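Here you go, one structure.
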Amino acid sequence: MKTVNDFNFDNKKALIRVDFNVPLNEELQVTDTTRIEAAKPTILKVLEDGGSAILMSHLGRPKGVEDQFSLNHIVKTVSDIIGVQVKFVPNCIGDEAEKAAAELKNGGVLLLENLRFHPEEKAGDKDFAEKLSKLGDIYINDAFGTAHRAHASTTIIAQFFPENKCFGLLLAKEIESLNAVLSNSQKPVTAIIGGAKVSSKIDVIKNIMDKVDNIIIGGGMAYTFIKVKGGNIGDSICEDDKLDVAQDILNLAKKKNVRIHLPIDVIAADSFSPDAKTQICDIYHIPDGWQGLDAGPKTNIGFSFIIAESKTILWNGPIGVFEMEKFAKGTIEIGNAIADATADGAFSLVGGGDSVAAVKQFGLADKVSYVSTGGGAMLEMLEGKTLPGIEAILN
Ligand code: AMP
């Protein structure tokens, strides 16, 4: 796996696909700089070698050229974070972009305008990719968030740099962290899979079955399993068309000697609302008119015990409706248990979707081994798929 550490960028122009798809407020200011900070080590490696960096990214989902999606709005933030006055060019291809790239001096950073102002980006257009490729000597992909898309700048472009292409430090770390869980893992390995629906995680659960010892199933998806096991789940969320899938997963786990852990008690609410009335119920006996919105106290103790015994931990998806304070405890306790296990030497990876938001919200991001930056990309890797953006660098 070639990374930026295998290259010397002295007097070279590095064309870096970053993921600067950051949230902006109504004043078009960046409200979360995580993704820009995450790209910093790769950019600094290029600059410290004596090269220059040409950054390309998408922002939002523009339909053609729309000012609110211009990367011009983030130039100041990127400059502050990188510590270099970043130049901006209002197109990502064409004469103006080529001139700005050619004039860029060693130590300089140039940010190109939003790639998705051109529909050719998402279409994976080869001519467009070739035009982009003219801007740099070495292509670096450091955008994990879009590595599962065969877009021009993430995948197609790599063919124009047969020898001079590599992973950025962020993307390399994402791949290594996932390998640490799925390939070279220390046992026992525990996966905690939560979130609203089992349908969105079926392929993940099936793929990890050969790699883990324990699967903790929490959140809304647990009720489909409890129902197929004969429980009364009241008005809890349930996918009735996925009962057979839940049964298949339980059978497969038995066959493969994987222990599936489901909640035993829940915080049930009389409505899906932050000020609902609540009661603690056995998960197999939830009264009609009540719905389980968080794990109960006995479940939290049980799940925490399994996590404490684990040497490798993967967490994907919240354990309850953590966005509402009343139903956040299960998710917080899982997060704390993972943080404690990590402090005791376990490797922990949090990735994909709302569990990342949860660890950030509850101040746990620094207490786990690695927090993934890519939701969809992480899920596809967990499903065992080969991501086109990764494949394009490896080939
Ligand atoms: P996902 O995007 O599938 O990872 O699902 C995340 C969402 O699942 C979060 O917004 C949670 O509020 C929601 N969730 C977790 N537990 C439950 C539950 N028991 N009932 C309904 N929604 C839930």
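What's the magnitude of the charge dipole for region 4-171 around its Cα centre, counting Lys and Arg as +1 and Asp and Glu as -1 at the beta-carbon? Answer in Debye, nearest 20.
That gives region 4-171 a dipole magnitude of about 200 debye.
Continuing with this model, one more query. Filter the trypsin sites (Lys or Arg not before Pro) in region 56-130 down to the DSSP loop ones having no more than 14 other Cβ atoms within 10 Å, then list what survives.
Qualifying residues, ordered by number: 63, 105.
In nm, what is the difference between 0.36 nm times the number of residues separating residue 2 and residue 130 and their Cα-Cα distance?
Here the segment from residue 2 to residue 130 would lengthen by 43.9 nm.
Once you wrap a convex hull around the alpha carbon atoms of region 185-382, what is its projected area averaged over all directions, in nm²?
Result: a mean projected hull area of 9.8 nm².
Could you give the size of the charge dipole of the chain about its Cα centre, using +1 on the Cβ of each K and R and -1 on the Cβ of each D and E, expressed in debye and rounded to the nearest 20?
820
Continuing with this model, one more query. In region 19-95, what GluC sites (Glu not before Pro) fall in a loop by DSSP, with at most 15 other Cβ atoms inside 10 Å?
26, 27, 66
Give me D for region 4-171 in µm² s⁻¹, whole number, from Stokes-Einstein with Rh from the Kirkwood sum over alpha-carbon pairs, 4 °C and 1.567 mPa s.
84
Another question about this same structure. Just list whichever of 45/87; 242/326; 206/254; 40/87; 45/173 have alpha carbons separated by over 20 Å in the model shown.
As for pairs spanning more than 20 Å Cα to Cα, those are 242/326.
What base-10 log of the normalised intensity I(q)/I(0) is obtained for the chain from the Debye formula, alpha carbons as equal point scatterers, at q = 0.12, 0.14 Å⁻¹?
With one equal scatterer per Cα and no solvent, log10 I(q)/I(0) is -0.93, -1.13.
Within the set of other residues whose C-beta is less than 12 Å from the C-beta of residue 312, count the net charge using Lys and Arg as +1 and Asp and Glu as -1.
Net charge in that neighbourhood comes out at +1.
Over region 185-382, what relative contact order in percent results from Cα pairs under 8 Å that are six or more residues apart?
Reported as a whole number, the value is 22 percent.
Neighbouring Cβ atoms within 10 Å as the yardstick, rank 17, 61 fewest first.
Least to most surrounded, the residues fall as 61, 17.
How large is the charge dipole for region 185-382, taken about the Cα centre, if only the Cβ atoms of Lys, Arg (+1) and Asp, Glu (-1) carry charge, to the nearest 20 debye?
The dipole magnitude comes to about 620 debye.
With the dipole of the chain worked out from charges on the C-beta (+1 for Lys and Arg, -1 for Asp and Glu) around the Cα centre, which of 84, 183, 335 lies farthest toward the positive end?
183
If you scale each eigenvalue of the Cα gyration tensor by 5 and take the root, what three semi-axes come out for region 130-214, rounded to whole angstrom and sorted largest first?
The answer is 34, 16, 9 Å, longest axis first.
Note the full-extension length gain between residue 305 and residue 360 as 0.36 nm times their separation in residues minus their Cα-Cα distance, in nm to one decimal.
Length gained between residue 305 and residue 360: 17.5 nm.
Can you sort 209, 381 from fewest to most other Cβ atoms within 10 Å of each residue's own Cβ?
Listing 209, 381 from fewest to most nearby Cβ atoms yields 209, 381.
Could I have the simple spin-label model distance between residue 31 and residue 186, label points 7 Å from Cα toward Cβ, reported in nm to one decimal?
4.0
More than 14 Å apart: what percent of Cα pairs in region 296-350 qualify?
Percentage above 14 Å: 50.
For region 55-107 and region 129-198, write down the distance between their C-alpha centroids in whole Å.
Taking the Cα centre of each part, region 55-107 and region 129-198 sit 22 Å apart.
On to the next question. Could you list 315, 290 so that the one with the fewest beta carbons within 10 Å of its beta carbon is first and the one with the most is last?
290, 315
Here, each number is a calculation from the coordinates, and none is a lab measurement. None of these values were measured; they are calculated from a predicted model. Cβ sites come from the backbone with ideal geometry, for glycine too, and all protein chains shown count toward neighbours.
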